[in-house]
Amino acid sequence: MNDVKARDIMSEAVHQVSPRMNLIDLEHDLSAQRISGAPVVEQGKVVGIVSRSDIDRVLAQERARSAAAATFYGGGEGPGDAPDPTGAALEALRTLCVQDVMTKDVISVAPDDPVAAVARLMRDRRIHRVLVVDDGQLCGIVTALDIVGVVAERS
């Protein structure tokens with residue numbers, strides 16, 4: 001597998017998102033594209049990467065924060081008196097932007113890096129996608145499914 005390079009299996013058409021996109025629009029965008037994450041690009045430069053895991057993390061934090069507030073404040077007499085964890089989570093999705101939740105430390109590989117090295121990097125860093133960057137420019141993306149495809153073809 002060392003003869004196969006990142007450039008051989010990467011997708012060149014990379015869907016990108018803006019750092020100012022709100023999280024509801026991000027969720028709709030990822031669903032429409034049928035992807036779980038995307039590079040965040042501003043003025044042609046990669047400034048981060050964002051995934052559904054980032055959205056899930058925000059939702060969990062907001063629900064926990066709201067539940068803690070409900071416990072602290074006692075919840076009142078009726079169901080409408082306690083903070084609503086779902087409402088708080090939805091409000092976070094409306095008000096937070098991609099730049100608030102994205103990973104800024106982007107892990108990337110070079111086009112000529114061997115696929116085996118790319119696979120080890122993804123395994124070691126526990127990531128599902130890695131950007132392929134050449135001279136600071138985004139030229140593609142390798143996903144876990146791309147790696148699986150190489151293994152399946154070689155078997």
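Out of segment 5-40, which residues are in contact with a Pro (Cβ under 8 Å, 6 or more places away or on another chain), of a type in the set (A, V, I, L, M) and either assigned to a strand (DSSP E or B) or without any contact (Cβ under 8 Å) to a residue 60 or more places away in the chain (or both)? Of everything in segment 5-40, those that are in contact with a Pro (Cβ under 8 Å, 6 or more places away or on another chain), of a type in the set (A, V, I, L, M) and either assigned to a strand (DSSP E or B) or without any contact (Cβ under 8 Å) to a residue 60 or more places away in the chain (or both) turn out to be Val17, Val40. The criterion of being buried (at least 20 other Cβ atoms within 10 Å of the Cβ) and farther than 23 Å from Arg57 by Cα does not hold for Val130.
Say whether the condition of being farther than 25 Å from Gly136 by Cα, charged (D, E, K, R) and modelled with pLDDT of 85 or more is met by at least one residue in segment 10-25. Yes, some residue in segment 10-25 is farther than 25 Å from Gly136 by Cα, charged (D, E, K, R) and modelled with pLDDT of 85 or more. Taking the conditions (1) assigned to a helix (DSSP H, G or I); (2) surrounded by fewer than 16 Cβ atoms within 10 Å (Cβ to Cβ); (3) modelled with pLDDT of 95 or more in turn, Ala119 satisfies each one other than (2).
Taken over segment 88-99, the criterion of being in contact with a helix residue (DSSP H, G or I) (Cβ under 8 Å, 6 or more places away or on another chain) and modelled with pLDDT of 90 or more is satisfied by Cys97, Val98. Checked against (1) in contact with a Leu (Cβ under 6 Å, 6 or more places away or on another chain); (2) at pLDDT 90 or above, Val130 meets all criteria but (1). Scanning segment 16-41 for residues that are closer than 19 Å to Ile147 by Cβ and surrounded by 13 or more Cβ atoms within 10 Å (Cβ to Cβ) gives Ile35, Ser36, Gly37, Ala38, Pro39. Whether a residue is modelled with pLDDT under 95 and part of a helix (DSSP H, G or I) was assessed, and Leu145 passes this test.
Residues in segment 42-64 that are part of a strand (DSSP E or B) and buried (at least 17 other Cβ atoms within 10 Å of the Cβ): Val46, Gly48, Ile49, Val50, Ser51. Among the residues here, Asp105 qualifies as in contact with a strand residue (DSSP E or B) (Cβ under 9 Å, 6 or more places away or on another chain), among the charged types (D, E, K, R), outside any helix (DSSP H, G or I) and within 18 Å of Gly37 (Cβ to Cβ). Within segment 92-106, the set of residues being over 14 Å from Ile55 (Cβ atoms) and surrounded by 14 or more Cβ atoms within 10 Å (Cβ to Cβ) comprises Val106 only.
The values are calculated or read from the model by the stated rules, or taken from the named source; none is laboratory data. Bear in mind the structure is a predicted one, so any value in this text is a computation, not a measurement. All Cβ positions, even for glycine, are placed from backbone atoms using ideal geometry, and neighbour counts span all protein chains on display.
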